[in-house]
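Q: Structure in C-alpha cells, see below.
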Amino acid sequence: MIEDIKKEALELIRSAKDSAAVERLRIRFLGRKGEISKILRSLKDLSVKERQTVGPVAQQLKKDIERLIQEKTAVFSKSIQQGLPGIDITMPGKKIKIGYLHPLTLIEKEIRGIFKAMNFSVVEGPEVETEYYNFDALNIPKNHPARDMWDTFWLQNSQQLTSDKEQLTKGQESKVKGQMLLRTHTSPVQIRYMETHKPPFQIIVPGRVFRYEATDASHEINFYQIEGLMVGKTVTLANFKFVIQEFFKRLFRSDIEIRFRPSYFPFVEPGLEVDIRCIKCGGRGCGICKDSGWLEVMGAGMVHPRVFEAAHYNPRDFQGFAFGLGLERMAMIKYNIPDIRLFYSGDLRFIQQF
Ligand code: PHE
C-alpha cells in the first residue's frame, strides 16, 4: 500500500504544471490530514514487528516527497524570475507604446524625396566647422559687416584640430586657420562638395545649424536647413525658378504662386529672397502672412564667382544657383504650427499629432 502511495505521489509531483499544483499535492500527502501523516499516525496501532518494517519505509517516503516538492518549487520560482515557461501565458499582454515621427523628420523625408525625384543627390557636412568654410570661402571675410548676419557660437579652442600643422600643405593650412565654430548655415557644404566634385551636379544638403540669438516664436538657437546647389555650364535662374516651383507644387500638392525679391547674401550675385503666396489666406491677408499675402521661405541666388574660386573652379567655366531654406519654417507652414519652440519642447501632446 505504501508502495502504491509512493508511486502515485512521486508521479503526480513530477508532472505538476505550476507551484499551485505542487502546493495542492503537498497538502494532499504531507498535510495534517495528508496520506503520509495518516500512515505515520497509525503506526502506534501496529505490532512492534510491523512497526519496525513499516515505520522506516513511511519515514523515507515522507523525506522523498519533501525533497521532490522542494526541487519542484525551486524550478518554478527560478523560471518566473527568468521569464521562462511557468509564467501565466493567459494573462493579457502589456500594450506596446507606438512612437511618432517628429514633424521635422517627416518634412525632411518628404523634401529629400521630392529633390531626389528631380535627380538631386543628398549630401551632408560637419556641424562643427572652421571659420574658413563657414565664412571666408563664402566671400564673408573677417571684419566684414556681413558676418553680423550670422550670430555665431565660437568654440574656444581649436588647437587640437590644428596641431599637426607641419603635415598640412599651404592651402590646407588656411582652411583650418582661425577659430572653430558651430556652423551658422549649411552653405559651407557648398565649398566642401565642390572641392571634391566636378560639375555638372545638383545636390541638397539637409543639416542642423546654430545661431547665437534670443529665442522667440520664430527663432531658435538650433534649427535645420536644407541647402541646394546646382552647377553646370549653362545653369540659370530660370532653371532655379522651375525647380523651386516644382518643389512647392509637390510639397503642398497644389500650384503655388512664387515671387523673387532682390536681396543680399555675400555668396550669391544676384541674391534673392523667395516668397510663396500665403497658404492660409491665399493672399487676401491674415495673421500668418502679417497681412502681406506672402510668406518668406528661402534665400537664394546665382553662385558668386569668388565662391567658385575658393573651390578652385574657373568662374568663366561654370555657373549655378544656390538656395537655403529653413526646415522648421516649412513644417510650420505645412502643418500649421504657430511657434518654433514647440519642435524642441519634448511635449508628447505636440508630437502625437503627427
Ligand atoms: N545660407 C543662407 C542663410 O542661412 C541662406 C542662403 C543659402 C542664401 C544659399 C542664398 C543661397 O541665411
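The values are calculated or read from the model by the stated rules, or taken from the named source; none is laboratory data. Values in this document were obtained by computation on a predicted structure and should not be read as measured data. For neighbour counting, all protein chains shown are included, and Cβ atoms are generated from backbone atoms with ideal geometry for every residue, glycine included.
Q: Does region 22-50 hold any residues that are farther than 14 Å from I2 by Cα and not in a helix (DSSP H, G or I), and which are they?
A: The answer is G31, R32, K33, L46, S47.
Q: Here's a follow-up. Identify the residue in region 255-281 that is away from the ligand (no atom under 16 Å from the Cβ) and among the acidic types (D, E) and, among all such residues, is modelled with the lowest pLDDT.
A: Residue satisfying both the conditions and the ranking: D255.
Q: Additional query: Looking at region 221-249 only, could you name the residues that are closer than 29 Å to S345 by Cα and either in contact with a Cys (Cβ under 9 Å, 6 or more places away or on another chain) or surrounded by fewer than 20 Cβ atoms within 10 Å (Cβ to Cβ) (or both)?
A: Answer for region 221-249, where residues must be closer than 29 Å to S345 by Cα and either in contact with a Cys (Cβ under 9 Å, 6 or more places away or on another chain) or surrounded by fewer than 20 Cβ atoms within 10 Å (Cβ to Cβ) (or both): I221, N222, F223.
Quick grid of which residues meet (1) more than 14 Å from the ligand (Cβ to nearest atom); (2) β-branched (V, I, T); (3) at pLDDT 95 or above:
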{"site": "L182", "(1), (2), (3)": "no, no, yes"}
{"site": "P206", "(1), (2), (3)": "no, no, yes"}
{"site": "I226", "(1), (2), (3)": "no, yes, yes"}
{"site": "M230", "(1), (2), (3)": "no, no, yes"}
{"site": "E246", "(1), (2), (3)": "yes, no, yes"}
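Q: Same structure, new question: Answer with yes or no whether M332 is more than 16 Å from the ligand (Cβ to nearest atom) and within 27 Å of R112 (Cβ to Cβ).
A: Yes, satisfied.
Q: Look through T53, T73 and report the one residue that is surrounded by fewer than 17 Cβ atoms within 10 Å (Cβ to Cβ), touching a residue at least 40 places away in the same chain (Cβ under 8 Å), outside the structural domain of M332 (by TED's automatic domain parsing) and outside any loop (DSSP other than H, G, I, E, B).
A: T73
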